[in-house]
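The values are calculated or read from the model by the stated rules, or taken from the named source; none is laboratory data. These numbers come from a predicted model, not from an experiment. Ideal geometry is used to build each Cβ from the backbone, glycine not excepted, and the neighbour counts take in all protein chains shown.
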Amino acid sequence: MLILVINCGSSSVKYNLFDVESEKSPCKGVIERIGQKGASLDHKKNGASLQKEQLSCRNHYEAIEIIANILIHPEKGVLSSLLDVAGIGHRVVHGGEEFKAATLVKEDVINHIEKFSELAPLHNPPSLAGIKGCLKIFPDVKQVAIFDTAFHQTMPEYAYCYGIPYEFYKKYAIRRYGFHGTSHRYISIKAAELLKKPIAEVNLITVHLGNGCSISAIEGGKSVDTSMGFTPLEGLLMGTRAGDIDPAVVFFLMKKENFTVEQIDDVLNKKSGLLGVSGVSNDMRDLLDAIKEGNHRARLAYDIFVYRIKKYIGAYSAVLGRVNAVAFSAGIGENVPEIKEEIEKHLKEMLPNTKFLTVKTNEELLIAKDTYALINTIPACK
Ligand code: ADP
């Protein structure tokens, strides 16, 4: 059974067609620079890059059209008709408190995603555009929304409430939501498999280190705390995001530099983190090269990055009481073993019975599986 996974960013759409039984992906690709000059498509069939070209793509609707056309293309695609797709799983960043699991897309779901656009202005509108595009282009295919926030909805109230007047939680739903939920769930499932134990019996700390970085405490398969908060800005140091910071720095900088709200938002989200500290790059590969050349600020950025992960592992060990494994994943977590090794060495005495693992994350596969599982519980509509 084939499930199409759609992941819309502000100017990109990633797509991945999965055969859920074999977990293989016969076709995948990405359209980038949507709405800009020089939009491009990179399409792969059975792992081989078949088409890498510039094309015109003005918006997300056109991107979905391009994807549909290439999937049914006689040579480049694998479908004889769009109806060969059993379901479409959409990654949606923010589901607020409303969505705790994969959800079939209906009008009320679209309205809710629209409502949460205020909380995720960069992420939810493109997802919505992708969903609306798919509803038109694949009208007979069931669509499922998978929320980044859903997995963290099991956090207890004392972990998700901030220490601000409670009325602001009630009025504006200001609380910790957490993100990367599908990845943390996937990592925890794989870590339990590696430990050869039922997930319900293990406590895990999952560390997702990509461009965005977050860490979660997982008790018996349930997220009980996570480092990203109301938005993905909180927590670990990231490629361009500051992570934890004294909020007073924000007012201070706004006064001193005469920043508007948008400017300070830009500084903390896009000019901070590894990039801001090192002045070199937000990309860990560039940072590692610069460190080899003796660049002090690159070293400092790396050290802050590792130090903060260490601190969170300490905090989450206290939250969990007992930790079976700490699992590192995503671009940096999977490719820079020295980070895991340094942290493991440092925490050996504190966590003598804890395994330190590397797990390759695959959010898209889990989105496909969740979509498949959900559509199989619903009677066919036609
Ligand atoms: P995203 O959050 O965009 O999915 P990824 O999971 O792809 O991000 O992670 C991107 C990060 O992973 C970048 O900082 C990149 O430098 C780093 N990365 C990817 N491959 C390597 C590698 N071989 N060595 C070191 N860092 C890597």
task: Hey, can you tell me all the residues within segment 267-294 that are more than 10 Å from the ligand (Cβ to nearest atom), of a type in the set (S, T, N, Q) and touching a helix residue (DSSP H, G or I) at 6+ places or on another chain (Cβ under 7 Å)?
output: 278
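Do the conditions hold for residue 264, that is, is it surrounded by 15 or more Cβ atoms within 10 Å (Cβ to Cβ), of a type in the set (Val, Ile, Thr) and within 12 Å of the ligand (Cβ to nearest atom)? Step through it out loud before you land on a result.
Numbers: surrounded by 15 or more Cβ atoms within 10 Å (Cβ to Cβ): yes; of a type in the set (Val, Ile, Thr): yes; within 12 Å of the ligand (Cβ to nearest atom): no.
Taking the combined requirement at face value, the residue does not satisfy it.
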- request: Please indicate, with yes or no, whether at least one residue in segment 270-279 is outside any helix (DSSP H, G or I) and of a type in the set (Gly, Ala, Ser).
  value: yes
Given (1) crowded, with 23+ Cβ neighbours inside 10 Å; (2) under 25 Å from residue 337 (Cβ atoms); (3) not hydroxyl-bearing (Ser, Thr, Tyr), index of the condition residue 210 fails: (1)
statement: Conditions (1) of a type in the set (S, T, N, Q); (2) more than 30 Å from residue 302 (Cβ to Cβ); (3) surrounded by fewer than 20 Cβ atoms within 10 Å (Cβ to Cβ) -> residue 358 fails only (2)
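Conditions tested, residue by residue: (1) surrounded by fewer than 19 Cβ atoms within 10 Å (Cβ to Cβ); (2) modelled with pLDDT under 95; (3) charged (D, E, K, R); (4) touching a Lys or Arg at 6+ places or on another chain (Cβ under 9 Å).
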{"position": "121", "(1), (2), (3), (4)": "yes, yes, no, no"}
{"position": "126", "(1), (2), (3), (4)": "no, yes, no, no"}
{"position": "132", "(1), (2), (3), (4)": "yes, no, yes, no"}
{"position": "147", "(1), (2), (3), (4)": "no, no, no, yes"}
{"position": "163", "(1), (2), (3), (4)": "yes, no, no, no"}
{"position": "234", "(1), (2), (3), (4)": "no, no, yes, yes"}
statement: Residues in segment 285-324 that are among the hydroxyl-bearing types (Ser, Thr, Tyr) and under 21 Å from residue 219 (Cα atoms) total 3
Scope segment 114-144; condition among the small types (Gly, Ala, Ser) and outside any helix (DSSP H, G or I); matching residues: 120
query: For segment 295-382, which fully contained helices (runs of 4 or more DSSP H) count at least 2 residues that are at negative phi, within 14 Å of the ligand (Cβ to nearest atom) and touching a residue at least 24 places away in the same chain (Cβ under 8 Å)?
result: 296-320, 330-335, 363-375
task: Output the residues belonging to segment 278-330 that are farther than 21 Å from residue 189 by Cα, surrounded by fewer than 19 Cβ atoms within 10 Å (Cβ to Cβ) and over 24 Å from the mean Cα position of the chain (by Cα).
output: 279, 280, 289, 292, 293, 294, 295, 296, 297, 299, 300, 318
- prompt: Based on what the data block shows, is residue 77 at pLDDT 95 or above, over 30 Å from residue 266 (Cα atoms) and not acidic (Asp, Glu)?
  reply: no
field: Wholly within segment 16-113, strands (runs of 3 or more DSSP E) carrying at least 2 residues that are in contact (Cβ under 8 Å) with a residue 40 or more places away in the chain and surrounded by 15 or more Cβ atoms within 10 Å (Cβ to Cβ)
entry: 24-32, 85-92
field: Which numbered condition residue 250 fails, given (1) at positive phi; (2) in a helix (DSSP H, G or I)
entry: (1)
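Yes or no: residue 275 free of Cβ contacts under 8 Å to residues at least 40 places away in the same chain, over 27 Å from residue 6 (Cβ atoms) and crowded, with 20+ Cβ neighbours inside 10 Å?
Yes: the conditions hold for residue 275.
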- request: Keeping to segment 241-257, report how many residues are under 18 Å from residue 231 (Cα atoms) and basic (Lys, Arg).
  value: 1
